[in-house]
Amino acid sequence: MSKRDVLIEKYAADLRTKCKVEPDMDLLRKVTIGCGPAIYNADSETVAASDPAEVERVRSNFLMKKLGLPETPDLQKAIDSVVEIYGKSERNKYRAVMYYMLVKHFKKEAVYG
């Protein structure tokens, strides 16, 4: 099993146990691949949800650029909602899991089609 496959299984386990979501494994794989090399770095594989600069990067680079969403207050509300579902006290919020949940929230699966 490749290192990426191991990480995808770890992300799927987080979705099942911490977020109470049964993941679409095909979409999770595509979102994980879309994260690129960031998933292999301990610092960049997670999202620091308490860091305003990090949240802004998720909003501008992922939601607006990658998913093509317009800048509205709904973007921040969605990020807050995902953080709440994942668990505010959860220290490791994996980037691929956060992105997967945001894709599902905005029904933007077609971006990864």
**Message:** Among the numbered criteria (1) over 12 Å from residue 95 (Cβ atoms); (2) at pLDDT below 95, which one does residue 43 miss?
**Reply:** (1)
**Fill in**
Residue pairs qualifying under the 8 Å Cβ cut-off, at least six apart or on distinct chains, with the first in region 63-90 being among the basic types (Lys, Arg) and the second being open to solvent by less than 50 Å² (accessible area, probe 1.4 Å) and outside any helix (DSSP H, G or I), are 88/49
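So that you can scan it fast, the table gives a plain yes or no per residue for (1) in contact (Cβ under 8 Å) with a residue 40 or more places away in the chain; (2) in contact with a helix residue (DSSP H, G or I) (Cβ under 8 Å, 6 or more places away or on another chain):
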residue: 4; (1), (2): no, yes
residue: 7; (1), (2): yes, yes
residue: 10; (1), (2): yes, no
residue: 14; (1), (2): yes, yes
residue: 49; (1), (2): yes, yes
**Asked** Does region 36-80 hold any residues that are open to solvent by 30 Å² or more (accessible area, probe 1.4 Å), charged (D, E, K, R) and in a helix (DSSP H, G or I), and which are they?
**Response** 56, 57, 59, 65, 66, 74, 77, 80
**Prompt:** Taking residue 33, is it under 13 Å from the mean Cα position of the chain (by Cα) and loosely packed, with under 15 Cβ neighbours inside 10 Å?
**Reply:** yes
**Request:** Identify the residue in region 88-113 that is aromatic (Phe, Trp, Tyr) and under 8 Å from the mean Cα position of the chain (by Cα) and, among all such residues, is least open to solvent (accessible area, probe 1.4 Å).
**Result:** 100
**Prompt:** (1) under 12 Å from the mean Cα position of the chain (by Cα); (2) exposed (fewer than 13 other Cβ atoms within 10 Å of the Cβ): which one isn't true of residue 28, the others all being true?
**Reply:** (2)
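The values are calculated or read from the model by the stated rules, or taken from the named source; none is laboratory data. Owing to the predicted nature of the structure, the values given are computational and were not obtained by experimental measurement. With ideal geometry, Cβ positions are generated from the backbone for all residues, glycine too; neighbour counts draw on all protein chains shown. We work out accessible area using only protein heavy atoms, side chains counted, and drop any ligands, DNA or RNA first. Shrake-Rupley method; radii C 1.70, N 1.55, O 1.52, S 1.80 Å.
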